[in-house]
Amino acid sequence: MATRKRLSPEESRLAALEAARILLIETGPQSVTLKAVSARIGRTHANLLHHFGSAAGLQKELAGHLARTVCATIADAVRASRAGLGHPREVVDLAFDAFDKEGAGALASWMILTGNEDALTPIVETIHSLVDEIAPEEADHDGDVRALHEETLALVLMAMGDALIGKVLARSLGLPETAARDRAELMLKNSLSGVNQPG
(Lines give C-alpha, C1' and ligand atoms only; values in the text may rest on other atoms or scores of the structure.)
Protein backbone atom coordinates (compact mmCIF):
# COMPACT_ATOMS: atom_id res chain seq x y z
CA MET A 1 0.00 0.00 0.00
CA ALA A 2 1.43 3.37 -1.04
CA THR A 3 1.83 5.96 1.65
CA ARG A 4 0.60 9.49 1.18
CA LYS A 5 3.23 12.17 0.71
CA ARG A 6 3.46 14.32 3.80
CA LEU A 7 2.68 17.91 2.93
CA SER A 8 3.55 21.03 4.86
CA PRO A 9 0.53 22.98 6.13
CA GLU A 10 1.01 25.54 3.33
CA GLU A 11 1.32 22.83 0.65
CA SER A 12 -1.81 21.16 2.02
CA ARG A 13 -3.75 24.46 1.90
CA LEU A 14 -2.59 25.19 -1.66
CA ALA A 15 -3.47 21.66 -2.81
CA ALA A 16 -6.94 22.09 -1.30
CA LEU A 17 -7.43 25.49 -2.95
CA GLU A 18 -6.36 24.17 -6.34
CA ALA A 19 -8.72 21.19 -5.98
CA ALA A 20 -11.51 23.57 -4.97
CA ARG A 21 -10.79 25.75 -8.02
CA ILE A 22 -10.99 22.71 -10.33
CA LEU A 23 -14.26 21.58 -8.70
CA LEU A 24 -15.63 25.09 -9.11
CA ILE A 25 -14.84 25.10 -12.84
CA GLU A 26 -15.97 21.52 -13.48
CA THR A 27 -19.19 21.33 -11.50
CA GLY A 28 -20.02 24.75 -10.05
CA PRO A 29 -19.78 26.52 -6.70
CA GLN A 30 -22.26 24.24 -4.92
CA SER A 31 -19.71 21.41 -5.23
CA VAL A 32 -16.98 23.28 -3.35
CA THR A 33 -17.43 21.49 -0.04
CA LEU A 34 -14.90 20.23 2.49
CA LYS A 35 -15.96 16.64 1.77
CA ALA A 36 -15.55 16.97 -2.01
CA VAL A 37 -12.21 18.76 -1.77
CA SER A 38 -10.82 16.32 0.80
CA ALA A 39 -11.82 13.38 -1.43
CA ARG A 40 -10.18 15.07 -4.43
CA ILE A 41 -6.81 15.47 -2.70
CA GLY A 42 -6.86 12.36 -0.52
CA ARG A 43 -7.00 14.18 2.80
CA THR A 44 -9.43 13.88 5.66
CA HIS A 45 -12.39 16.14 6.28
CA ALA A 46 -10.84 16.95 9.67
CA ASN A 47 -7.62 18.06 7.97
CA LEU A 48 -9.49 20.60 5.83
CA LEU A 49 -11.63 21.65 8.76
CA HIS A 50 -8.37 22.44 10.57
CA HIS A 51 -7.15 24.62 7.67
CA PHE A 52 -10.38 26.41 6.73
CA GLY A 53 -12.81 26.02 9.65
CA SER A 54 -15.88 25.44 7.45
CA ALA A 55 -17.07 25.23 3.84
CA ALA A 56 -17.68 28.99 4.01
CA GLY A 57 -14.08 29.46 5.16
CA LEU A 58 -12.87 27.34 2.25
CA GLN A 59 -14.94 29.39 -0.19
CA LYS A 60 -13.60 32.63 1.26
CA GLU A 61 -10.02 31.38 0.92
CA LEU A 62 -10.78 30.22 -2.63
CA ALA A 63 -12.12 33.67 -3.49
CA GLY A 64 -8.91 35.23 -2.19
CA HIS A 65 -6.77 32.68 -4.05
CA LEU A 66 -8.63 33.36 -7.32
CA ALA A 67 -8.42 37.11 -6.81
CA ARG A 68 -4.67 37.08 -6.18
CA THR A 69 -3.97 34.85 -9.17
CA VAL A 70 -6.27 36.76 -11.50
CA CYS A 71 -5.12 40.21 -10.41
CA ALA A 72 -1.45 39.28 -10.80
CA THR A 73 -2.16 38.14 -14.37
CA ILE A 74 -4.22 41.25 -15.15
CA ALA A 75 -1.50 43.51 -13.69
CA ASP A 76 1.09 41.88 -15.95
CA ALA A 77 -1.19 42.41 -18.97
CA VAL A 78 -1.80 46.07 -18.03
CA ARG A 79 1.95 46.68 -17.73
CA ALA A 80 2.59 44.96 -21.06
CA SER A 81 -0.17 47.00 -22.70
CA ARG A 82 1.31 50.22 -21.32
CA ALA A 83 4.77 49.25 -22.57
CA GLY A 84 3.38 48.64 -26.04
CA LEU A 85 3.92 44.89 -25.74
CA GLY A 86 0.31 43.97 -25.21
CA HIS A 87 -3.14 45.06 -26.19
CA PRO A 88 -6.15 46.29 -24.16
CA ARG A 89 -8.10 43.26 -25.40
CA GLU A 90 -5.70 40.99 -23.48
CA VAL A 91 -6.54 42.82 -20.25
CA VAL A 92 -10.26 42.55 -21.01
CA ASP A 93 -10.04 38.86 -21.89
CA LEU A 94 -8.09 38.07 -18.71
CA ALA A 95 -10.66 39.86 -16.54
CA PHE A 96 -13.64 38.31 -18.31
CA ASP A 97 -12.07 34.82 -18.32
CA ALA A 98 -11.39 35.08 -14.58
CA PHE A 99 -15.08 35.57 -13.89
CA ASP A 100 -16.26 33.12 -16.56
CA LYS A 101 -13.83 30.28 -17.30
CA GLU A 102 -12.09 30.42 -13.92
CA GLY A 103 -15.41 30.48 -12.06
CA ALA A 104 -15.02 33.68 -10.02
CA GLY A 105 -18.42 34.99 -11.15
CA ALA A 106 -20.23 31.81 -10.19
CA LEU A 107 -18.40 31.63 -6.87
CA ALA A 108 -19.17 35.27 -6.01
CA SER A 109 -22.85 34.79 -6.88
CA TRP A 110 -23.07 31.59 -4.87
CA MET A 111 -21.51 33.23 -1.83
CA ILE A 112 -23.92 36.17 -2.01
CA LEU A 113 -26.92 33.84 -2.36
CA THR A 114 -25.82 31.72 0.60
CA GLY A 115 -25.28 34.73 2.85
CA ASN A 116 -21.48 34.51 2.78
CA GLU A 117 -21.02 38.05 1.43
CA ASP A 118 -17.93 38.75 3.53
CA ALA A 119 -16.20 36.10 1.43
CA LEU A 120 -16.13 38.65 -1.39
CA THR A 121 -13.84 40.87 0.68
CA PRO A 122 -10.64 39.20 -0.62
CA ILE A 123 -11.73 39.77 -4.23
CA VAL A 124 -12.59 43.42 -3.60
CA GLU A 125 -9.41 44.06 -1.59
CA THR A 126 -7.17 42.39 -4.17
CA ILE A 127 -8.71 44.34 -7.05
CA HIS A 128 -8.36 47.54 -5.02
CA SER A 129 -4.70 46.73 -4.35
CA LEU A 130 -4.14 46.17 -8.07
CA VAL A 131 -5.74 49.52 -8.87
CA ASP A 132 -3.60 51.25 -6.23
CA GLU A 133 -0.48 49.55 -7.60
CA ILE A 134 -1.05 50.79 -11.14
CA ALA A 135 -2.69 54.08 -10.12
CA PRO A 136 0.47 56.23 -9.97
CA GLU A 137 1.13 55.42 -13.63
CA GLU A 138 -2.50 56.06 -14.61
CA ALA A 139 -3.22 59.18 -12.54
CA ASP A 140 -4.02 62.36 -14.43
CA HIS A 141 -1.81 65.44 -14.10
CA ASP A 142 -3.42 66.31 -10.74
CA GLY A 143 -2.77 62.83 -9.35
CA ASP A 144 -6.49 61.95 -9.55
CA VAL A 145 -7.15 58.21 -9.91
CA ARG A 146 -10.95 58.48 -9.95
CA ALA A 147 -11.14 57.63 -13.66
CA LEU A 148 -9.03 54.52 -13.09
CA HIS A 149 -11.25 53.46 -10.19
CA GLU A 150 -14.35 53.99 -12.32
CA GLU A 151 -12.89 51.98 -15.20
CA THR A 152 -11.89 49.18 -12.84
CA LEU A 153 -15.41 49.13 -11.41
CA ALA A 154 -16.91 49.06 -14.89
CA LEU A 155 -14.56 46.32 -16.08
CA VAL A 156 -15.25 44.09 -13.06
CA LEU A 157 -19.02 44.62 -13.24
CA MET A 158 -19.03 43.95 -16.97
CA ALA A 159 -16.94 40.79 -16.52
CA MET A 160 -19.15 39.54 -13.67
CA GLY A 161 -22.39 40.26 -15.54
CA ASP A 162 -21.07 38.72 -18.72
CA ALA A 163 -20.09 35.55 -16.88
CA LEU A 164 -23.59 35.19 -15.46
CA ILE A 165 -25.92 36.28 -18.29
CA GLY A 166 -23.80 37.85 -21.03
CA LYS A 167 -24.15 35.28 -23.78
CA VAL A 168 -27.90 34.83 -23.32
CA LEU A 169 -28.54 38.57 -23.10
CA ALA A 170 -26.36 39.34 -26.12
CA ARG A 171 -28.19 36.72 -28.20
CA SER A 172 -31.58 38.07 -27.13
CA LEU A 173 -30.50 41.56 -28.25
CA GLY A 174 -29.17 40.28 -31.56
CA LEU A 175 -25.58 41.10 -30.61
CA PRO A 176 -22.48 38.92 -30.90
CA GLU A 177 -21.55 36.96 -27.75
CA THR A 178 -18.42 39.10 -27.47
CA ALA A 179 -20.38 42.37 -27.29
CA ALA A 180 -19.55 43.12 -23.62
CA ARG A 181 -15.87 42.31 -24.16
CA ASP A 182 -15.84 44.51 -27.25
CA ARG A 183 -17.37 47.41 -25.26
CA ALA A 184 -14.86 46.94 -22.41
CA GLU A 185 -11.99 46.91 -24.91
CA LEU A 186 -13.23 50.18 -26.42
CA MET A 187 -13.43 51.70 -22.93
CA LEU A 188 -9.79 50.76 -22.21
CA LYS A 189 -8.56 51.94 -25.61
CA ASN A 190 -10.26 55.30 -25.09
CA SER A 191 -8.73 55.55 -21.63
CA LEU A 192 -5.22 54.76 -22.88
CA SER A 193 -5.53 57.27 -25.72
CA GLY A 194 -6.74 59.99 -23.35
CA VAL A 195 -10.32 60.22 -24.63
CA ASN A 196 -12.49 61.75 -21.92
CA GLN A 197 -14.90 59.34 -20.29
CA PRO A 198 -18.19 60.46 -18.76
CA GLY A 199 -17.92 61.29 -15.11
### Task
Would you check which residues across segment 45-61 are small (G, A, S), part of a helix (DSSP H, G or I) and farther than 14 Å from W110 by Cα and list them?
A46
### Query
Could you say which residue among R183, R171 is in a helix (DSSP H, G or I), modelled with pLDDT of 85 or more and under 18 Å from H87 (Cβ atoms)?
R183
#### Entry: Answer residue from segment 26-44, given it is surrounded by 14 or more Cβ atoms within 10 Å (Cβ to Cβ), assigned to a helix (DSSP H, G or I) and not small (G, A, S) and is nearest to the chain's Cα centre (by Cα) among those
P29
#### Entry: Residue, modelled with the lowest pLDDT, within segment 110-156, restricted to residues that are among the β-branched types (V, I, T) and more than 20 Å from V78 (Cβ to Cβ)
T121
#### Entry: Boolean, P88 is of a type outside the set (D, E, K, R), in contact with an Asp or Glu (Cβ under 6 Å, 6 or more places away or on another chain), modelled with pLDDT under 90 and surrounded by 15 or more Cβ atoms within 10 Å (Cβ to Cβ)
yes
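The values are calculated or read from the model by the stated rules, or taken from the named source; none is laboratory data. In this text the structure is predicted, and so the values were computed from the model without any measurement. Every residue, glycine as well, gets a Cβ built from its backbone with ideal geometry; the counts of neighbours run over all protein chains shown.
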